[in-house]
1. Give me, ordered by chain and number, the residues 5 or more places off Val443 or on other chains with an amide H under 5 Å from its own placed amide H.
2. At 0.36 nm per residue, minus the direct Cα-Cα distance, what do Arg641 and Ala157 gain on full extension? Give it in nm, one decimal, please.
3. Can you sort Ser442, Ser523, Ser230 by 1.4 Å-probe accessible area, starting with the largest?
4. Is any residue of region 18-52 close enough, with backbone N under 18 Å, to a label point placed 7 angstrom from the Cα of Arg106 along the Cα-Cβ axis, and if so, which?
5. Can you tell me which of 655-661, 443-449 comes out highest on packing, and rank the rest after it, using the mean Cβ neighbours within 10 Å?
6. Which length gain, in nm to one decimal place, applies between Ala248 and Arg119 when the Cα-Cα distance is subtracted from 0.36 nm times their residue separation?
7. Ordering Leu640, Leu414 by accessible area with a probe of 1.4 Å, largest first, what comes out?
8. Between Glu502 and Asp395, what's the calculated FRET efficiency when r is the beta-carbon distance and R0 is 30 Å? Round to 0.05.
Amino acid sequence: APVSFNAQGQPELVWSELVTDNYFDGLGVKADPGRVFNGEDAGTPVTVVSHAFWQTRFQGDPEIVGTNVDLNGRAFTIVGVATQGFTGAKMLAFSPDLWVPLAWHRDIRPDDEKLLERRTGSWLNLRGRLADGVSLEEASAALETIAARLERAHPDANEDWQLHAMPAPRKVEPFMNVMTGGALPVAAGFLLGIVGIVLLIACANVASLTVARSLAREKEMALRVSLGASRTRVLRQLFLESAALCTAAGAIGFWLSGRIVNLATRLMPRLDFEIDFGFVPDTRVLWFTIGVSVTAAMLAAFLPAVRTFKKDPGHTLMAPSAARTTTWRRFIVVPQLALSLVALVTATLLVRSFNNQADANVGFNPEGLLLSSFNLGLGGYDEPAAREFHQRLVDRVTRLDAVSAASLASPLPLDAYQERAVVFPWEADPENRESGISLLYSVVHEDYFDTIGTPLLYGRGFEPRDTHETRAVAVVNATLARTLAPDENAVGRSFRFRRDGEPVEIIGVARDGKYLTLGEDPSPYLYLPLRQNDTQRITLLVRSDAEPRELEASLRNVVSSLDPTLPLYGVKTAQQFLDRSLSASRALALTVSLFAALALTLATLGVYGLMSFAVSQRRRELGIRMALGAGRGDIVRLFLRQAGRVVLPGLSIGLVFSWLSTRAMESLLFGVGTREPSVFILSAVVLGSVALAGSYIPTRRAARLDPLVTLRHE
């Protein structure tokens, strides 16, 4: 919940969590300095602040315990500072600045007097610890019994209500998964899969180099065994050599991970509250890195040792150096190319999806639009005072230089919070529950459609005459208009919010846009007039002919002149607002693209290594061919055919696996299908071209060999 915070006389918006007295004890969180809530705090306005809030707002003052802060006009005593690193247990990345006992909800949410009395409220998150010996299934069964009892006692509010017990990790918010359509675990799975692909390709390259190195050291290892070296000693030597390489690689990787995470965090969009993504390479990541490094070192040492022990030392020492087959390297490089193609196809689909979202018609014009938010509920405004403030604010802002239009809305389409309702066509059967239409809606001031740039297809927008004293009216989007009036103009038709509610007349139809996500399909949306639907938390929209950011100081001065205690927050351009909606898709596309590029590079190095090894093993043959009249073109074609025998199988296998793996990506894509041939063809052409380019340098080196020098050397 947002809170108006005043510690040094300057109003500021901070974010709080309303919690029960046993919240910190239940989570096992302590305070340092000070203490957490206890049963003795009843009747006393107290708060616990976060460690970050203590450092940034109070500069880490060691005497903070016992001081008072002004929250929404009431003095709250700080009793403690939460342990460093604790950022609450709610929502994916939300980090509250402070915590307030639930009993003081009226001071934190003065705009909602019946916050705890409403049975339809779903803002509370319940967490509990299982008793000893109780399983999650048993807890779920008990919750189902409670849900059934509540449904019988209060059918209007709890009809078809269900309670589920689920394990709670560091932070949990079940509705996030519902809002994103299950895309979060799918995205995480694909990221993990791409990382696994890169790791496998890197391991294949290391294995290839290790085996090649062991072939070059066969005589050395045979000599050591002949001179009495035990298997344990040989294995120890190989392990130490591999361990030095793997340990250095693991240390560098762990160091780079922290730097890359910091960079990625700075690239994330700024929100109205602090966010904690939990991207910290902790001890679990360190132990995982150590485990991978040790495992890689053991495998890199064990495989060459087995090859050494299987051969007779005397036979190895007496055998002449001979060209060795590259078949084993082909079996390593082909899977690398196949996995690289899977990563490349995935990255191409995600990049095209992101571009489609960025180019999507959002339903309004973001150019020259500045947004800022405020919450009159924090100042204790009643409905008449709030309506007067709204009108005075819009009038003052409209008179500013360079301002062409201004309006108010709550919430905006694509905002971080949304309001949802169920509407019923007026002619629908009141007893038919299936006739209801679930949708999102906004409460807007007059001139909203002109200010934000959403055109009305027909009808009119809201006017000052649309007040509580007149009939209820609404503007619907084109999708909702087609639903309510499939065969005729929706203007003049009516609907209701409850099966027994009063009629709401449709006075206009607005063009469709995006309301929840940029990748959503067309969905119904509703606009209601602010003069008929009072709201406290609201966004001011200002359209300017100049640079929108230049208006920020003027807006703050206007708000301060109307109410010096009211904080203005979330000031941003409409483009920055849209960038926030694009941030998740951009991050996913960028991350997968980087890993795909890394996989492509490693696979190309694999082809390069294969061809370099082939050239080194066939020098005598090449010398003879060229001495007998083979030209450089013949040598180039020879090795290109050999490279093709690796690249073509790799691409074929990769296309099959790409075709199968991308089926699970449908929930992540917008405007692009998982079966578009152009994506597969383009990815295969790029990978094939780059892979063949990787064979160019070894092939050119082979074509430039001097046959006399080569034969004399052999």
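The values are calculated or read from the model by the stated rules, or taken from the named source; none is laboratory data. Predicted model, so just to flag it, every value in this text is computed and none were measured. Note that we place each Cβ from the backbone using ideal geometry, even for glycine, and neighbour counts take in every protein chain shown. For accessibility, only protein heavy atoms count, side chains too; no ligands or nucleic acids. Shrake-Rupley method; radii C 1.70, N 1.55, O 1.52, S 1.80 Å.
1. The list, which skips near neighbours in sequence, is Ser410, Leu528.
2. 167.0 nm is the gain from fully extending Arg641 to Ala157.
3. So the residues, ranked largest to smallest area, are Ser230, Ser523, Ser442.
4. 18-19, 42-46
5. Order by mean packing, descending: 443-449, 655-661.
6. Values: separation 129, 0.36 × 129 = 46.44 nm, distance 5.91 nm.
Extra length from Ala248 to Arg119 when fully extended: 40.5 nm.
7. Correct descending sequence by accessible area is Leu640, Leu414.
8. 0.45
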